[in-house]
Amino acid sequence: MQERTGPILRMIARLRVLRAIDGLQDPAAREASPFLLLVAVVLALLLAILEVDLNSAGLQSLGLMGNAFSADPVFKSP
């Protein structure tokens, strides 16, 4: 049983050392990467666009979204 737990205990000890080294820095002094912020903003905008597109029929029925280029149905026929 000692042979199995030995590597696991060494790994846990190494992780604790890494956590202690990382914990020395002030968490409030850390800043997010500008690239990470850009990716988060772009993904949020894409999600908003997809949600509006997915729910466009419901938004039109509520009158919150209209057709920007409404044309006479006569001109839409083939």
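Residue-wise, which Karplus ³J(HN,Hα) couplings in Hz belong to segment 51-57, taking 6.51 cos²θ - 1.76 cosθ + 1.60, θ = phi - 60°, and x for glycine or proline?
Here the 3J(HN,Hα) series is 5, 5, 5, 5, 9, 5, 5 Hz.
Once label points are set 7 Å from the Cα along Cα→Cβ at both LEU38 and ARG16, what is their separation, rounded to one decimal in nm?
About 4.2 nm separates the two model spin labels.
Given labels modelled 7 Å from the Cα in the Cβ direction, how far is it in nm from GLU31 to LEU46?
Here the modelled spin labels are 2.6 nm apart.
Values in this text are rule-based calculations from the coordinates and carry no lab data. This structure is a prediction, so every number in the text was calculated from the model and none was measured. Note that we place each Cβ from the backbone using ideal geometry, even for glycine, and neighbour counts take in every protein chain shown.
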